[in-house]
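Take a look at the structure below.
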């Protein structure tokens with residue numbers, strides 16, 4: 001399972017993929033149901049990062065669980081990693097981060113202008129100990 005996920009979601013980062021699966025059964029509306037799930041995580045070899053790279057699961061009537069798994073496996077097998085899409089998504093992410101940074105810099109400039117105006121206004125006042133006098 002982890003090997004298949006590694007082929008679907010390749011990486012150049014030194015890492016280790018680990019997978020697992022679980023099956024459950026329950027009753028729903030007087031019908032026996034079965035749930036199956038598979039998960040693969042990938043951790044960098046230095047344990048700095050860990051994330052889910054593959055997750056599939058379903059719940060179906062027990063009599064149809066094998067067919068449901070076959071369909072889900074077919075859907076998963078049709079998934080293809082697209083490096084061009086990934087690169088484009090990275091560009092979109094970077095553009096969004098750049099815009100957020102520009103917005104924050106503008107906010108900081110506005111904040112500094114307000115503070116400077118308040119400080120300038122404060123300098124126009126003189127205290128004689130009892131009264132606040134405007135110069």
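Observations on the model:
- With the highest mean first, a sort of the peptides 34-44, 62-72 on other beta-carbon atoms found within 10 angstrom per residue produces 34-44, 62-72.
- Contact order for the chain, expressed relative to its length and based on alpha carbon pairs under 8 Å spaced 6+ residues apart, stands at 15 percent.
- For the chain, calculated [θ]222 nm from helices alone, where every DSSP H run of n ≥ 4 adds -39500 (n - 2.57): -15500 deg cm²/dmol
- Under the simplified labelling scheme, the residue 91-residue 11 pair shows an inter-label distance of 2.5 nm, with each label point 7 Å from Cα along Cα→Cβ.
- 4 °C / 1.567 mPa s Stokes-Einstein diffusion coefficient of the chain, Kirkwood radius on C-alpha pairs, µm²/s: 62 µm²/s
- Euclidean distance of C-alpha centroids, segment 1-30 and segment 65-125, integer Å: 28 Å
- C-alpha long axis of helix 83-122 to longest principal axis of the chain, angle in °: 20 degrees
No value in this document is a laboratory result; all are computed from the given coordinates. The structure presented is a predicted model; accordingly, all values stated were derived computationally and were not measured. Positions of Cβ are backbone-derived with ideal geometry, glycine not excepted, and every protein chain shown enters the neighbour counts.
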